[in-house]
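The values are calculated or read from the model by the stated rules, or taken from the named source; none is laboratory data. Because the structure is a prediction, the values reported are computed rather than measured. Methodologically, a virtual Cβ is constructed for each residue, glycine included, from the backbone with ideal geometry; neighbour enumeration extends over all protein chains shown.
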Amino acid sequence: MVTLLLSLVIIYQGERYEIPEVSGYVNVADLQEVIGFSTRWDREKKFLYIKKNMELKLMPDNTFFEAGKEVYQLSKPMKLIEGKLMLHRETLPELLSLLTGEEFFEKGGTIYAGRNVNVLGVDIEEKKGVTKVKIKIKGNLRFYYEGKDTLWKLTIFDAVPTPGMVLIPKGFVKKVKMEEKENYILFTFVIKDGNKDVDVRKDKDAIIFEVKEREKREIKTIVIDAGHGGKDPGAIGPSGLKEKYVTLDVAKKLAAILKRKGFNIIMTRTDDTFIPLKERTRIADEARADLFISIHCNAVPKRKKKEVKKGVEVYFLSAAKTDWERAVEARENSSIEFEKTNSVPVPELEYILWDLAQNIFLEESSELAIAIQEELCKTTGLYNRGVKQANFYVLRLNYMPAVLVEIGFISNPHEAKLLKSSSFREKIAEGIARGIERFIREYEKKY
């Protein structure tokens, strides 16, 4: 019998190690020096205990072993050879992954310790009229996409891909490339022509990049968000009128008008309930809405209560440019104070994603804001303060054109009197509806 003497190469924590290998088996003691685990051999029961992040329990000549409270089966058992406990090389990725909590894998005869691989593979499927790129992931990875015509880019943050993934373009995907960066991976797709619809979404344990024949784009589902509510009254007028009641009534009237015109309407609240700002955006995103309209009343800050301002202004999401825009942004975002004090702070990455997400719809949001601003002023006769921009929480992470409508100054005695009137609130709803319809006519001409 010929005994084959080779070396097993392990790449661990950036270092390269060579371990003697005998007919596919390596000594546990040699592995211990590389990985740094502890061992205990029970001579009486013939159990080997190996411990690092988790404890493993193995027996010679037995393919079954325990890891924590679970039982697993190896393809080849541990052996006791010339008094040495030996493990087969093909069992090491599984054993070391369980033992350390890191992702070990074998490639080209070498065993690598990954950085907790969480992008597991890519499948590209082609069906009639649809090409679907399925990026299989582990965990809740955040992503951002942008593109136009034939060139699209998909960024997946905190992603660690399985080495050696092969990407073969199919169907409408003419070229596909993956680049691994320091804290993210970047997929670049070239599609065969610009006359295609592209959709990117999370689906269970995968991120889907889908290209299909362009359909006529129609706006069907609109989310109407009545600002404030419940324990958050919003701004309060000179006579005690609360913003939360005005916005809810206008939202209901607007919903009724749009429903009569055949739109599918979703309201973030239908009564005097407090809805966290993040929950409002989640409702819109889960509904895969086509438009998001948030309704509010304007007010002068308390420290400037003697100052009288008037009129209508409509905002879309972008960085505030003026002191006034920053003041309105701070006031509308102040609803966050009414949310649970033990809420987890929003990571910097999430703020970046919010801004990037809206970049895709920046032009449409701006056009929607202009249409509503102009039609609302025509219908109500209120002063036109112009379209503005600010970083409103409630507009972040909306993957659709989204605007915030300030329907008048509740701090202005004259406008507060108008806002208290049900018939005037009906006019406001009609003006917003006309703006939405005008935007839709122009939008659908493009597509």
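In the range 92-105, the count of residues that are in a helix (DSSP H, G or I), closer than 30 Å to ILE50 by Cα, touching a residue at least 40 places away in the same chain (Cβ under 8 Å) and among the hydroxyl-bearing types (Ser, Thr, Tyr) is one or more.
Within the range 178-203, work out how many residues are outside any loop (DSSP other than H, G, I, E, B) and either acidic (Asp, Glu) or closer than 18 Å to LYS136 by Cβ (or both). Counting residues in the range 178-203 that are outside any loop (DSSP other than H, G, I, E, B) and either acidic (Asp, Glu) or closer than 18 Å to LYS136 by Cβ (or both) gives 14. In the range 210-238, the residues that are without any contact (Cβ under 8 Å) to a residue 12 or more places away in the chain reach residues that are assigned to a strand (DSSP E or B) with C-beta atoms within less than 6 angstrom, at least six apart or across chains, in these pairs: PRO233/LYS242. Restrict the check to the range 203-212 and report whether at least one residue is surrounded by 19 or more Cβ atoms within 10 Å (Cβ to Cβ), under 20 Å from the mean Cα position of the chain (by Cα) and under 30 Å from THR380 (Cβ atoms). Checked against the condition, which is being surrounded by 19 or more Cβ atoms within 10 Å (Cβ to Cβ), under 20 Å from the mean Cα position of the chain (by Cα) and under 30 Å from THR380 (Cβ atoms), the range 203-212 yields no hits at all.
Among the residues of the range 1-52 satisfying the criterion of being charged (D, E, K, R) and part of a strand (DSSP E or B), which is surrounded by the most Cβ atoms within 10 Å (Cβ to Cβ)? Across the range 1-52, the extreme among qualifying residues is GLU21.
Rundown of residues vs (1) at pLDDT 95 or above; (2) under 30 Å from ASN195 (Cα atoms); (3) in contact with a Gly (Cβ under 7 Å, 6 or more places away or on another chain); (4) part of a helix (DSSP H, G or I), yes/no style:
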site	(1), (2), (3), (4)
ILE219	no, yes, no, no
SER239	no, no, no, no
VAL246	yes, no, no, yes
ASP249	yes, no, no, yes
LEU258	yes, no, no, yes
ASP272	yes, no, yes, no
ARG280	no, no, no, yes
ARG288	no, yes, no, no
SER294	no, no, yes, no
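Condition first: surrounded by fewer than 18 Cβ atoms within 10 Å (Cβ to Cβ) and under 17 Å from ASP149 (Cα atoms). Now tell me which residues in the range 166-176 satisfy that. Matches in the range 166-176: LYS174, LYS175. For the range 408-423, residues that are of a type in the set (A, V, I, L, M, F, W, C) and in a helix (DSSP H, G or I) total 3.
Looking at the structure I just gave you, is LEU56 in contact (Cβ under 8 Å) with a residue 24 or more places away in the chain, crowded, with 16+ Cβ neighbours inside 10 Å and over 16 Å from ILE111 (Cα atoms)? So LEU56 passes the test. The single residue among ARG280, ARG260, ARG269 that is surrounded by fewer than 17 Cβ atoms within 10 Å (Cβ to Cβ) and not acidic (Asp, Glu) turns out to be ARG260. Pairs only if they're at least six apart or on different chains, beta carbon under 7 angstrom, first in the range 132-146 and buried (at least 20 other Cβ atoms within 10 Å of the Cβ), second among the acidic types (Asp, Glu); list them, first residue then second. As it stands, the answer is LYS132/GLU125; LYS132/GLU210; ILE137/ASP205, since those pairs meet every condition given. Is there a residue in the range 184-193 that is in the same structural domain as VAL312 (by TED's automatic domain parsing) and out of contact with any strand residue (DSSP E or B) (no Cβ under 8 Å at 6 or more places or on another chain)? Within the range 184-193, not a single residue is in the same structural domain as VAL312 (by TED's automatic domain parsing) and out of contact with any strand residue (DSSP E or B) (no Cβ under 8 Å at 6 or more places or on another chain).
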